[in-house]
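Written below as structure tokens is the structure these notes are about.
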Amino acid sequence: METNQYLEVFLDESREHLQAVNDNILKLEKEPTNIEIINEIFRSAHTLKGMSATMGFDDIAALTHKMENVFDQIRNNKINVSSKVIDIIFLAIEYLEEMVQSISEGKDGKKDVTELVKRLEQLVQVEIVPSASKQQDSKVEESVMGLDLDEYQRTIIKHGIRQGFFAYQVTVELREDCMLKGVRAYMVFEQMENHAEIIKTVPATEKIEEGDFEQTFSLLLLTKEMNEDIKKLISNVSEIKQIRVNSINLENVSEKEEETFDKSKEKKESIEGSPIQADSSKNNSSMEHGTSSGSHTIRVNLEKIDELMNLFEEVVVDRGRLETISESLRSSALKETVDHMSRISTQLQTLILTLRMVPIEQVFNRFPRMIRGLSRDLHKKINLTIEGAETELDRTVIDEIGDPLVHMIRNSVDHGIELPEVRKQSGKTEEGHLTLRAFHSGNHVFIEIEDDGAGIDQEKVAAKAIDKGLISAEQVKTLSDEEANKLIFLSGFSTADKVSNISGRGVGLDVVKNKIEALGGQIDIQSTKGKGSIFTIQLPLTLSIITSLLVRVLEATYAIPLSSIVETLLLDKEQIFYVNSQKVYDYRGHIIPLVSLSEYFHYQVGEKQGIQQEFYVAIIKKGDQFVGLMVDDLVGQKEIVLKTLGVYLGDVSGFSGATILGDGSVALVLDPNVFFK
């Protein structure tokens with residue numbers, strides 16, 4: 001069977017199930033007797049096993065099967081949830097994540113899981129099944145429609161019926177053109193496991209996992225649901241031709257009330273009052289597509305969204321050209337049409353950008369397990385709180401922000417939060433608190449990492465910076481508290497006595513700072529010695545279409561990201577003075593440097609520029625620093641499509657990309673960060 005067409009779906013759903021197992025394992029460690037959490041984990045593992053077997057990824061299926069056995073024993077009170085069990089399961093999850101990642105990279109997803117499988121098998125105790133009583137009143141036959149029942153299964157059914165459960169045999173027939181039979185069967189299982197206890201299947205579970213059956217399989221189950229509701233639940237799975245539900249009677253084991261639901265017919269013959277009777281054509285449509293009638297979402301490949309974004313970027317470029325043409329022709333009809341197009345395209349732009357936005361929880365989800373491991377390795381007690389995980393950010397930024405956050409969180413855990421005995425001596429609780437939060441503000445997303453640890457020891461930081469030759473003792477005396485805190489971002493700075501495998505691992509926070517600035521963001525610190533620290537990261541919502549200020553330097557046009565500009569000024573020559581041959585300006589009580597772009601880019605300045613009396617200046621800001629960029633003219637504000645400079649020009653200093661203007665010319669986009677170095 002050709003499965004390549006299903007690979008992307010498999011990868012997406014595998015990651016979702018692994019994340020669900022990961023999240024629920026952390027919950028289970030805190031609530032080890034919560035049967036609902038255990039069942040959720042079991043269902044996710046069960047589904048992942050079935051999908052992997054169907055797709056031919058045997059190592060994933062084998063490892064997941066052993067995990068499933070462990071959770072089956074846990075939910076049957078055969079194994080107690082302990083740190084040892086949790087550690088081994090987390091190791092299995094790491095293996096599975098690596099194998100899924102391998103598949104996504106075009107590899108075979110194979111990994112030697114022999115040793116880990118042995119460790120999982122050692123956890124599983126021998127199940128002792130109590131012998132069932134052979135009382136005469138157990139009238140359940142050993143064979144019900146081909147289901148050969150043993151004594152234990154008959155006893156379960158007997159007790160279930162006595163406690164008010166219904167016993168059903170559900171037979172599902174798939175359509176002849178069904179490709180992934182195993183996957184469809186497990187979708188049925190997943191629907192049933194939320195509402196019923198599956199006692200037995202025909203054929204065996206392993207064969208159903210592999211799709212090793214004709215078109216029909218059966219389930220024997222106990223449930224509180226009525227047979228009509230069972231049908232309705234299963235009907236939500238696509239590629240099903242027919243469903244039969246047989247009630248099993250304890251007294252005479254007769255097969256009665258057999259009702260057939262044939263999805264191949266446009267009008268169904270069902271019992272009166274059945275929920276699936278009304279508006280059959282509508283239900284038929286939704287069921288054929290494998291979704292409920294209330295579903296309003298679809299899964300779209302990210303590459304298609306990127307392609308859509310690239311096409312729309314071309315529309316933005318042409319929109320700019322049309323606006324330029326409209327202004328030059330002075331045609332009211334054309335201007336009206338272009339204005340309408342601009343409004344519609346702006347709305348379309350907002351919609352497409354929204355499609356690219358994904359919740360930051362995709363990054364945050366990895367941290368609870370990481371904190372658990374770090375707490376154990378460092379012998380610290382740490383409580384992680386996550387706030388604002390639903391905050392959305394452009395996928396491009398999401399892909400890049402993960403590693404810097406990992407580095408900073410490790411740094412807070414290693415250097416910030418103290419050991420329990422040290423915290424106790426300081427009058428704190430033994431458990432340290434780490435908060436990771438995200439929120440929107442304007443056109444930016446803010447991420448904060450807050451801890452109640454030791455804070456930054458500015459004297460120690462300054463001494464280390466002086467010792468490494470990063471700053472002089474005289475310069476340290478003039479630093480503000482905020483500037484002193486930021487010394488930890490200097491290249492080559494570290495307070496660690498030896499390289500640690502926990503936080504920096506020999507790499508300083510300067511790498512984190514550079515990465516964030518490359519994304520168009522910035523990072524700030526608030527810290528109080530003995531109380532804790534807050535690291536705040538500011539990031540743009542999107543990196544592809546930005547609002548900029550177009551400026552002219554001689555005959556060239558440049559774009560400056562508007563998010564970096566505080567205001568624009570027109571300065572007289574007398575307002576500019578020099579300090580150590582550097583042009584400066586008194587900006588609201590702050591002496592700030594002025595950078596002439598014509599000089600910065602080594603333009604030949606003519607006589608006119610030499611006797612110029614007025615200068616346009618764009619004041620840009622980064623953190624608490626200001627710089628004034630001197631230009632010849634301000635063209636105006638414009639939304640531009642940011643394009644990379646490519647491999648050959650990618651390392652050119654001073655530019656973050658380029659854009660195409662309305663007249664077809666190319667304008668370079670300035671990187672404001674370079675002017676603060």
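The values are calculated or read from the model by the stated rules, or taken from the named source; none is laboratory data. Remember, predicted model here, so these are calculated numbers, not experimental data. So basically every Cβ, Gly included, is an ideal-geometry build from the backbone, and we count neighbours across all protein chains shown.
Could you grab me the full set of residues in the range 326-351 that are surrounded by 14 or more Cβ atoms within 10 Å (Cβ to Cβ) and without any contact (Cβ under 8 Å) to a residue 24 or more places away in the chain?
Scanning the range 326-351 gives 326, 334, 335, 338, 341, 342.
Scan the range 50-75 residue by residue and report those that are within 23 Å of the chain's Cα centre (by Cα) and in contact (Cβ under 8 Å) with a residue 60 or more places away in the chain.
Passing the criteria: only 51.
So that you can scan it fast, the table gives a plain yes or no per residue for (1) in the same structural domain as residue 312 (by TED's automatic domain parsing); (2) outside any strand (DSSP E or B); (3) at pLDDT 90 or above:
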residue: 593; (1), (2), (3): no, no, yes
residue: 603; (1), (2), (3): no, yes, no
residue: 616; (1), (2), (3): no, no, yes
residue: 621; (1), (2), (3): no, no, no
residue: 648; (1), (2), (3): no, yes, no
residue: 662; (1), (2), (3): no, yes, no
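State whether the residues of the range 415-437 include one that is assigned to a helix (DSSP H, G or I) and under 18 Å from residue 523 (Cβ atoms).
yes
Answer yes or no as to whether residue 389 is hydrophobic (A, V, I, L, M, F, W, C) and buried (at least 20 other Cβ atoms within 10 Å of the Cβ).
no
Give me the residue from the range 209-224 that is touching a helix residue (DSSP H, G or I) at 6+ places or on another chain (Cβ under 8 Å) and at pLDDT 80 or above and, out of that set, surrounded by the fewest Cβ atoms within 10 Å (Cβ to Cβ).
215
Just name the residue that is farthest from the chain's Cα centre (by Cα) out of those in the range 356-372 that are more than 20 Å from residue 439 (Cβ to Cβ) and touching a residue at least 60 places away in the same chain (Cβ under 8 Å).
The residue in question is 372.
For the range 372-414, which positions are assigned to a helix (DSSP H, G or I), among the charged types (D, E, K, R) and touching a helix residue (DSSP H, G or I) at 6+ places or on another chain (Cβ under 8 Å)?
372, 395, 400, 403, 410, 414
Given the structure, is residue 453 at pLDDT 90 or above, surrounded by 19 or more Cβ atoms within 10 Å (Cβ to Cβ) and assigned by TED's automatic domain parsing to the domain that holds residue 522?
yes
Specify the residue that is surrounded by the most Cβ atoms within 10 Å (Cβ to Cβ); the eligible residues are those in the range 27-41 that are within 19 Å of residue 190 (Cβ to Cβ) and without any contact (Cβ under 8 Å) to a residue 60 or more places away in the chain.
41
Please verify whether the range 292-314 includes one or more residues that are at positive phi, modelled with pLDDT under 55 and surrounded by fewer than 16 Cβ atoms within 10 Å (Cβ to Cβ).
No: the range 292-314 contains no residue that is at positive phi, modelled with pLDDT under 55 and surrounded by fewer than 16 Cβ atoms within 10 Å (Cβ to Cβ).
So which residues in the range 415-441 are charged (D, E, K, R) and touching a helix residue (DSSP H, G or I) at 6+ places or on another chain (Cβ under 7 Å)?
430
Could you figure out which of (1) more than 27 Å from residue 44 (Cβ to Cβ); (2) modelled with pLDDT of 80 or more; (3) assigned to a loop (DSSP other than H, G, I, E, B) isn't true of residue 164?
With respect to (1) more than 27 Å from residue 44 (Cβ to Cβ); (2) modelled with pLDDT of 80 or more; (3) assigned to a loop (DSSP other than H, G, I, E, B), residue 164 is out only on (2).
Is there any pair with a first residue in the range 78-104 that is farther than 16 Å from residue 63 by Cβ and a second that is of a type in the set (Asp, Glu) and not in a helix (DSSP H, G or I) whose Cβ atoms are under 8 Å apart and which are 6 or more apart or on different chains, and what are they?
Every condition considered, the pairs that remain are 78/127.
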